[in-house]
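Laboratory data are not the source of any read-out in this text; all were calculated from the coordinates shown. No experiment lies behind these values; they were computed from the predicted model shown. Don't worry about glycine lacking a Cβ; one is built from the backbone with ideal geometry, like all the others, and counts go over all protein chains shown.
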Amino acid sequence: MKETLKRKVKSEIKERLEPHSYDLREEIDEKGNIQLWLKLHNRKDILHIAQLVRDFGGRCVIITAYKKDDHHVLVYHLDIDGMLLNVEVELFDNKVDSITPVLDSANWTEREFKEMFGIELVGHPNPKRLFLDESIAEGILGEYMPLSQAMNGAATCCMWEKIESERHQNEN
Amino acid sequence: MKTKIPIGPFHIGLEEPIYFKIDLKGETVENVDMINGFVHRGIEYLAMQKNFFQNLILTERVCSLCSNNHPFTYVMAVEKIAGIEVSKRANYLRVVADEVKRIASHMFNLSMLAHLVGHHSLMTQTMEAREIMQDIKESIWGNRMDMSANTLSGVKYDLDEGQIEYILKRLEELEPQVDELMDIYFNNKVVKARTVGVGVLPKADALRLGITGPTARGSGVNNDVRDKAPYAAYDELKPNVCLEEDGDVHARMKVRWREVKDSIRLVRQAITNLPEGSVVTQKRPHIPAGEAVTRSEAPRGELIYYLKTNGSQKPERMRWRVPTYMNWEALRVMIPGNKLTDVAVIFNSIDPCISCTER
């Protein structure tokens, strides 16, 4: 059954994407679980893949973002009835089309990479912040932040000295 | 009359910080908005500063109730990249640890349900029965929550005959109590009045939102990883997938109780058929460059780990997603149309874990 599903998905990928615009490899573990690894050369093709997963009744499990040299890479982990389809997309212009209009399950994870890595998201129905407050800049995960600054002096006597000095100022 | 009610971010009725904005019409909830991010700690970034052995310790501390699943799924990803084979015995022992955690986690959530519907004697009775599992954990693994059972290429513990006998004896003690409790939870008037038809999640919405775990199975969606993509010893120790069709709080509660029963069966089956062999195959394995994705079924649902390595001692990128991350959006479907007093009961029915969702 897993083999039939894999064959069907592979033939659909072949039909919906331009030839030579992707690399596909498969991985089978000792329990017979199949994972497909797909690398897209054109970032626009992710919408075709999302539609394919939707047509098979699948869902988006999670999307991983990471920095490679000077650009970001996204790895979409999509599930079709227990079979994982991992899709790698390199973003050379730091922009990506949202797949949430097609797959609702991608809603949170797209908002998360938007705020953590500062990747521009095109066409998300609700592009609000997920975890971080509006006052924190996007792409914060890639920045260097000294501990003393991050904790605002809360771990040392600095904060109390600051409060103490301000208190006396107010009194005057 | 329309009113707006805020609950949280820090509220006595909430176990962890989360901010609900509820629009009420009379007594009925019209709309709910949720704001998260109060316990975001950047653990994902921290994991990339630690080596593969240190991350065993770190991942176990991401969540308390499904603590065993995090290192479990993480080591499977490392083993996949390094091509390490795990002995059959170690795989069986991993299942034992995991199922013990599942029983304890489900029973905790169920006792919270009894607490929220106001049946306090039922809550204490459930917690007392759960204490048997806590005793097992403390006696075998030396700790009531973090069992530290997994390590690279195997497990850190072994069971001798005396220990097996002890677990079997305690499970013998637990099972009749579980049967009795199941009867009360399934048929008690107070429990039924507060759970039947409350917080309904239709099957179509569960599929659309990618809901996982008992929350999905309560709506008739089977995406149990143990069944769909077996790992460790789940190809031999097959779980019975418990499905309910109603999609309400009662259905999710029934799924959890049936899983408790099934997990007791699995633990018994695993420890009475333990294969011979060593529990660890390699002391200090070399981790080459590569990438892998592994999944496991945590008590709350599907847990996934993505790991990318570059041949050094530390992960180049590690990403994980806990079940609550997906199940959260289901609350937007479940809560509207219910009474304000039911919000806490519905919230509890997805078995939320905020600190591991936000990491």
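For chain A, what does the helix formula give at 222 nm: sum of -39500 (n - 2.57) over DSSP H segments with n ≥ 4, over the residue count, nearest 500 deg cm²/dmol? Walk me through the numbers before you get to the answer.
On the way: 5 runs with 54 residues, N = 172.
Roughly -9500 deg cm²/dmol at 222 nm, from the helical runs in chain A.
Please name which of A:PHE56, A:LEU17, A:THR4 has its Cα lying farthest along the dipole of chain A towards the positive end, using unit charges on Cβ (Lys, Arg +1; Asp, Glu -1) and the Cα centre as origin. Going by the charge dipole, the pick is A:THR4.
Decide, for the stretch B:208-295, between rounded, prolate and oblate: order the square roots of the alpha carbon gyration tensor eigenvalues as a ≥ b ≥ c, take rounded if a/c falls under 1.5, and otherwise choose prolate if a/b is larger than b/c, else oblate.
Details: a/c = 3.49, a/b = 1.55, b/c = 2.25.
The shape class here is oblate.
Please say if the stretch B:159-253 is rounded, prolate or oblate, where rounded means a/c under 1.5 for a ≥ b ≥ c the square roots of the C-alpha gyration tensor eigenvalues, and otherwise the choice is prolate for a/b larger than b/c and oblate otherwise? Taking the square roots of the gyration eigenvalues as a ≥ b ≥ c, the stretch B:159-253 is oblate.
Assuming R0 = 41 Å, can you tell me the calculated FRET efficiency for the pair A:LYS14 and B:GLU30, based on Cβ-Cβ distance, to the nearest 0.05? Write out the running numbers ahead of the final one.
Working: r = 48 Å, r/R0 = 1.16.
Given R0 = 41 Å and the Cβ-Cβ separation, E is 0.30.
Could you work out the Rg to Rh ratio of the stretch A:1-71, with Rh taken as the Kirkwood radius (inverse of the mean 1/r over all Cα pairs)? Mind dumping the intermediate values first?
Values: Rg = 13.4 Å, Rh = 13.7 Å.
Over the Cα atoms of the stretch A:1-71, Rg/Rh equals 0.98.
Evaluate E = 1/(1 + (r/R0)^6) for B:ARG265 and A:GLU164, where r is the Cβ-Cβ distance and R0 equals 60 Å; express this FRET efficiency to the nearest 0.05. Let's see the in-between values first.
Working: r = 63 Å, r/R0 = 1.05.
Efficiency at R0 = 60 Å is approximately 0.40.
For B:LYS254, a cut-off of 28 angstrom between C-alpha atoms picks up these lysines, skipping any fewer than 8 places away in its own chain: B:LYS101, B:LYS137, B:LYS169, B:LYS189, B:LYS192, B:LYS203, B:LYS228, B:LYS238, B:LYS339. In a reduced charge model with +1 at each Lys and Arg Cβ and -1 at each Asp and Glu Cβ, the stretch B:67-170 shows a dipole moment near 240 debye about its Cα centre. Restriction of the trypsin sites (Lys or Arg not before Pro) in the stretch B:60-100 to DSSP coil positions whose beta-carbon has at most 15 other beta-carbons within 10 angstrom yields B:ARG61.
In debye, nearest 20, what is the charge dipole magnitude of the protein assembly as shown about its Cα centre with +1 on Lys and Arg Cβ and -1 on Asp and Glu Cβ, if you could check?
Values: 70 positive and 79 negative charges, 96 e Å.
Computed about the Cα centre, the dipole is about 460 debye.
For the stretch B:229-268, there are no residues whose amide N sits under 14 Å from a probe point set 7 Å from the Cα of B:GLU85 along the beta carbon direction. Around B:ASN143, what is the net charge, scoring Lys/Arg as +1 and Asp/Glu as -1 over all other residues with Cβ under 11 Å from its Cβ? Local charge sum for B:ASN143: -1. For the protein assembly as shown, the direction-averaged projected area of the alpha-carbon convex hull comes to 28.0 nm².
Counting only other chain Cβ atoms within 10 Å of each residue's Cβ, the peptide B:201-210 averages 3. Taking each residue as 0.36 nm, the span from B:GLN282 to B:GLU128 lengthens on full extension beyond its C-alpha to C-alpha distance by 51.4 nm. For the stretch B:221-359, the convex hull spanned by the alpha carbon atoms encloses 143 Å³ per residue. Taking a ≥ b ≥ c as the square roots of the eigenvalues of the alpha carbon gyration tensor, the stretch A:1-158 is prolate, as a/c is not under 1.5 and a/b beats b/c.
Taking a quarter of the surface of the convex hull around the Cα atoms of the stretch B:1-132, what do you get in nm²? Mean projected area for the stretch B:1-132: 11.5 nm², to one decimal.
Count neighbours as other Cβ atoms within 10 Å of each site's Cβ, and list the chymotrypsin sites (Phe, Trp or Tyr not before Pro) in the stretch B:12-106 that are DSSP loop with at most 14 such neighbours.
On the way: sites: B:TYR19, B:PHE20, B:PHE38, B:TYR45, B:PHE52, B:PHE53, B:PHE72, B:TYR74, B:TYR92; in loops: B:PHE38, B:PHE52, B:PHE53.
The qualifying sites are B:PHE53.
Averaged over the residues of A:97-106, the number of partner chain Cβ atoms lying within 10 Å of the residue Cβ comes to 2. Residues of the stretch B:319-359 falling in the label zone of B:ILE12, defined by backbone nitrogen less than 12 Å from a point 7 Å along Cα to beta-carbon, are absent. Maximal additional length on extending the B:PHE53-B:ASN273 stretch stands at 76.2 nm, based on 0.36 nm per residue less the C-alpha distance.
Cut-off 17 Å, label point 7 angstrom out along Cα-to-Cβ of B:GLU180: give me the residues of the stretch B:127-152 whose amide nitrogen falls inside. Inside the label zone: B:127-133.
Need the list of lysines near A:LYS67 for cross-linking: C-alpha distance under 20 angstrom, and skip anything on the same chain fewer than eight residues off. Result set, ordered by chain and number: A:LYS39, A:LYS44, A:LYS95, A:LYS114, B:LYS50, B:LYS308, B:LYS314. Compactness check for the stretch B:57-185: Cα Rg over 2.2 N^0.38 Å is 1.16. If r is the Cβ-Cβ distance from A:LYS67 to B:ASN188 and R0 is 60 Å, what FRET efficiency results, to the nearest 0.05? The calculated FRET efficiency here is 0.65.
Extension gain, B:LYS4 to B:ASP160, is 50.3 nm, computed as 0.36 nm per intervening residue step minus the present C-alpha separation.
Just tell me how shielded B:293-306 is by partners: mean number of partner chain Cβ atoms within 10 Å of each residue's Cβ, no decimals.
Details: counts 10, 4, 7, 0, 0, 0, 0, 0, 0, 3, 0, 6, 1, 8.
That average works out to 3.
Taking other residues whose beta carbon is less than 12 angstrom from the beta carbon of B:ASP342, and scoring Lys, Arg as +1 and Asp, Glu as -1, yields 0.
Only alpha carbons enter this Debye calculation for the stretch B:278-359, each as an equal point scatterer, and the log10 of I(q)/I(0) it gives at q = 0.10, 0.11, 0.23 Å⁻¹ is -0.42, -0.48, -1.09.
Charges at C-beta only: +1 for Lys and Arg, -1 for Asp and Glu. How large is the resulting dipole of the stretch B:198-344 about its Cα centre, in Debye rounded to 20? Can you show the working numbers first?
Numbers: 24 positive and 18 negative charges, 88 e Å.
Here the stretch B:198-344 has a charge dipole of around 420 debye.
Label-to-label distance, A:LEU5 versus A:ASN42, with points set 7 angstrom from Cα along the beta-carbon direction: 2.9 nm.
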